[in-house]
Amino acid sequence: MQKKWWHSSVIYQIYPRSFQDSDGDGIGDIQGIIQRLSHLAELGIDAIWLSPVYRSPNDDNGYDISDYQAISPDFGTMDDMDMLIQKAKELGIRILMDLVVNHTSDEHAWFIESRKSKDNEYRDYYIWRDGKNNEAPNELTSIFSGSAWELDEQTNQYYLHLYSKKQPDLNWENPKVRNEIWQMMNFWLDKGIGGFRMDVIDLIGKVPDELITGNGPMLHTYLKEMHQKTFGKRDVLTVGETWGVTTDDAKLFSSPERDELSMVFQFEHIGLDEQPGKPKWDTKPLNFIALKQVFTKWQLALDGDGWNSLFWNNHDIPRIVSNWGDDSPQYRKVAAKMFATFLHFLKGTPYIYQGEEIGLTNTPIASIEEVNDIESINMYNERLQQGYSKKEILQAINKKGRDNARRPIPWDGSLNGGFTTGTPWLALNPNYKELNVKNDQEDDESVFNYYKTLIRLRKEHELIVWGEYKELLPNDPQLFVYERSYKGETWLVIINFYQEPTFYKDEDRKVDTIIISNYEDSSEKIDDLTLRAFESIVFKLK
Ligand code: NOJ
């Protein structure tokens, strides 16, 4: 496989509303990111995936775009954006833009035109259908609750919105739409960006009349066209968000000879605490053996053909240390480091979501008044009508709600964590006085320093990037154990996923040295090893 910069990179995701405010309006912005670039350079990351900063009415916090080539005044100006690209470049950091082209905002000029009349030249930029018997054209539902069809009274037709009704789906069958998108992508590529993260890209080939949304028949044709018309000849990273992808699909997206994407985000591990076929809110306990199976399946399936992305967190997913770990003061740090170790020695490109590098936790809420996220609010209203109790619904939001990941970053223990001098758009986690970047960095055993070391190790050891993966003890109910081997060297990764101590025995092999561990005094005795709460050790073997 031809080696690319992104094979050995670590990517850091910024959710700009919550990263750093520079002008006191309570909303993070681009100048705020520039102020904090030194934090990211110190961490050692190679690229930033920047969640949307485009002009947007913010129905879905920027994932509803009204102008792809303008910056939202909340975040600054195009000059600020150019400055960010330049300043980051000086530090060796590339910027990946968030490409949200399954849908636009209903306030995008194209949709404003489209809805005016059936013969408007922009009508076919979107998906319009007649109703059936005074109802929606079919039973497709929106991911944000309710029907995916909205009646527009001006023309008495329905338009499709797989997300909110302020996020009408673009009609990718229309070549004019595709050309507009290629032109817009090239506008950004010409600015020297490092690539794109592609929002729900597996939906663009949809056939709504046949109830097909994900993985539609034209999906890969469109992606090949995109590759050819935009980034194909440029040295960029492209990562597609693909919720329902199988390993075979992922190869179609990411095999280099197919000329589509660098890699995709697959969510099979994330869904393991959900019930198949039910909304994400209806959770079930995590099955650890299944978790290991999923990781191993992906590691093996994409080995040598395609490429994995590796992540626990993003702006849609609750904080992993709270959800599947332990965020009590006693265990939060070792648990956060355990998750980091688990992931960062696998084969693929790791993504760190802002705040993960200090082990930030979820923020439980007691009332819907505290919620900003449209997905949670819509679900709350829908389930209240269906007879669920408020308590049940709030429990589900605390477990799976997206605001958990969207709280502003606490930089220090001062008012509002140094995030803003104004009123934050979403309250910080009340634990910010203790749990913040400054405190973490001053701590000898900080999660930040641990991540820093993980990133440095990846730069120093090709084994982490290219080594062969092999799982040991797949049926162990508590340990995740795997080897990575490269050019005659083998590393052994042993993870105790739980708080209870456990044992590991390997009498055949000898340890050369400990590469990293989340306890200072981890033992080298793999012939009789006790692993304490969440203890995770990476050994180089003799
Ligand atoms: C996926 C994004 O990650 C999420 O935040 C957004 O709400 C939907 N796509 C719609 O754009």
remark   = Inter-part gap, Cα centre of the stretch 150-175 to Cα centre of the stretch 180-202, in whole angstrom, is 23 Å
inquiry  = Please list, ordered by chain and number, the residues whose modelled amide H lies under 5 Å from the amide H of Trp49; skip anything fewer than 5 residues away on the same chain.
reply    = Tyr12, Gln13, Ile14, Leu96
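What does the charge add up to near Ile526, with Lys and Arg as +1, Asp and Glu as -1, over the other residues with Cβ less than 9 Å from its Cβ? Kindly include the intermediate steps, with their values, before the conclusion.
Values: positive: Lys505, Arg509, Lys510, Lys525; negative: Asp506, Glu507, Glu524, Asp527, Asp528.
Result for the neighbourhood of Ile526: -1.
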message = Applying a 10 Å radius around every beta-carbon, put 289-301, 258-270 in order of their mean neighbour count, most first.
response = 258-270, 289-301
task = Before anything else, pin down the relative contact order of the chain: Cα pairs under 8 Å, at least 6 apart, normalised by residue count, whole percent.
result = 13 percent
task = Compute the separation of the alpha-carbon centres of the stretch 484-524 and the stretch 69-124 and state it in Å as a whole number.
result = 47 Å
remark   = Diffing the stretch 483-496: the Karplus 3J(HN,Hα) column from phi (6.51, -1.76, 1.60, θ = phi - 60°), in whole Hz with x for Gly and Pro, holds 10, 10, 10, 7, 6, x, 10, 10, 10, 10, 10, 10, 10, 8
task = Per residue, how big is the convex hull around the C-alpha atoms of the chain? Give it to me in cubic angstrom, could you?
result = 145 Å³
request  = Quick one: go through the stretch 157-182 and flag any residue whose amide nitrogen is under 14 Å from the point 7 Å out along the Cα-to-Cβ line of Met218.
outcome  = 170-181
ask   = Whole-Hz Karplus ³J(HN,Hα) for the stretch 506-515, in order, using 6.51 cos²θ - 1.76 cosθ + 1.60 and θ = phi - 60°, x for Gly and Pro?
value = 9, 8, 7, 10, 10, 8, 8, 7, 8, 7
query = So what J values fall out for the stretch 80-89 if you push phi through Karplus, 6.51 cos²θ - 1.76 cosθ + 1.60 with θ = phi - 60°, rounded to Hz, Gly and Pro as x?
reply = 4, 5, 4, 5, 4, 4, 5, 5, 5, 4
task = Find the centroid of the Cα atoms in the stretch 5-28 and in the stretch 323-394, then give the distance between the two in whole Å.
result = 18 Å
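At 222 nm, what value in deg cm²/dmol follows for the chain if DSSP H runs of at least 4 each add -39500 (n - 2.57) and the sum is divided by all its residues, to the nearest 500?
Working: 16 runs with 149 residues, N = 542.
Only helices count here, giving -8000 deg cm²/dmol.
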ask   = In nm, what is the difference between 0.36 nm times the number of residues separating Ile377 and Glu121 and their Cα-Cα distance?
value = 88.6 nm
Over 28 Å between alpha carbons, listed pairs Lys3/Lys333; Lys3/Lys399; Lys4/Lys206; Lys4/Lys470 = Lys3/Lys333; Lys3/Lys399; Lys4/Lys206
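No value in this document is a laboratory result; all are computed from the given coordinates. Keep in mind it's a predicted model, so treat the numbers as computed, not measured. Glycine gets a Cβ as well: all are built from the backbone with ideal geometry, and neighbour counts include every protein chain shown.
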